[in-house]
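**Student:** Just dropping this structure here.
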Amino acid sequence: MSILGAILFLLSLYQECELLAMVLDGRYDNFFCITDVFDDVEETVYKDICHLNALGDSLIAERILGDLPLKGPDVTSDTCTDESQPAN
């Protein structure tokens, strides 16, 4: 397979995965499609071909935290109690 053929194959595969992610996002409450997280970002979000830099990491984290419903203990608290451990 030529390099161009490989690129076209990977682009097609990505598009199919993105479509599946959007379908799953609409069908399941516990699946979140975030394939558009970088759509409006002009700054560099990758430090190499596949690893995110600090900005990319932050944008993903903010998106995930924004999409998750907050249930149970306060997840933004600096302290976390483990009820299985006796109190000091």
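The values are calculated or read from the model by the stated rules, or taken from the named source; none is laboratory data. Because the structure is a prediction, the values reported are computed rather than measured. Here Cβ is always computed from backbone atoms with ideal geometry, including for glycine, and neighbour counts include all displayed protein chains.
**Student:** Using beta carbons and a limit of 8 Å, which pairs, at least six apart or on different chains, have the first residue in the stretch 31-42 and without any contact (Cβ under 8 Å) to a residue 40 or more places away in the chain and among the hydrophobic types (A, V, I, L, M, F, W, C) and the second one assigned to a loop (DSSP other than H, G, I, E, B) and surrounded by 11 or more Cβ atoms within 10 Å (Cβ to Cβ)?
**Tutor:** Listed by first residue and then by second, the contacts come to PHE32/LEU68; PHE38/VAL45.
**Student:** Further question: For the stretch 36-58, give me each residue that is in a loop (DSSP other than H, G, I, E, B) and surrounded by 15 or more Cβ atoms within 10 Å (Cβ to Cβ). Can you show your working first?
**Tutor:** First pass over the stretch 36-58, keeping only residues in a loop (DSSP other than H, G, I, E, B): 36-45, 47-51, 53.
Matches in the stretch 36-58: VAL37, PHE38, VAL45.
**Student:** Before we move on, is VAL41 touching a strand residue (DSSP E or B) at 6+ places or on another chain (Cβ under 9 Å), of a type in the set (Val, Ile, Thr) and at pLDDT 95 or above?
**Tutor:** For VAL41, the condition - touching a strand residue (DSSP E or B) at 6+ places or on another chain (Cβ under 9 Å), of a type in the set (Val, Ile, Thr) and at pLDDT 95 or above - is not met.
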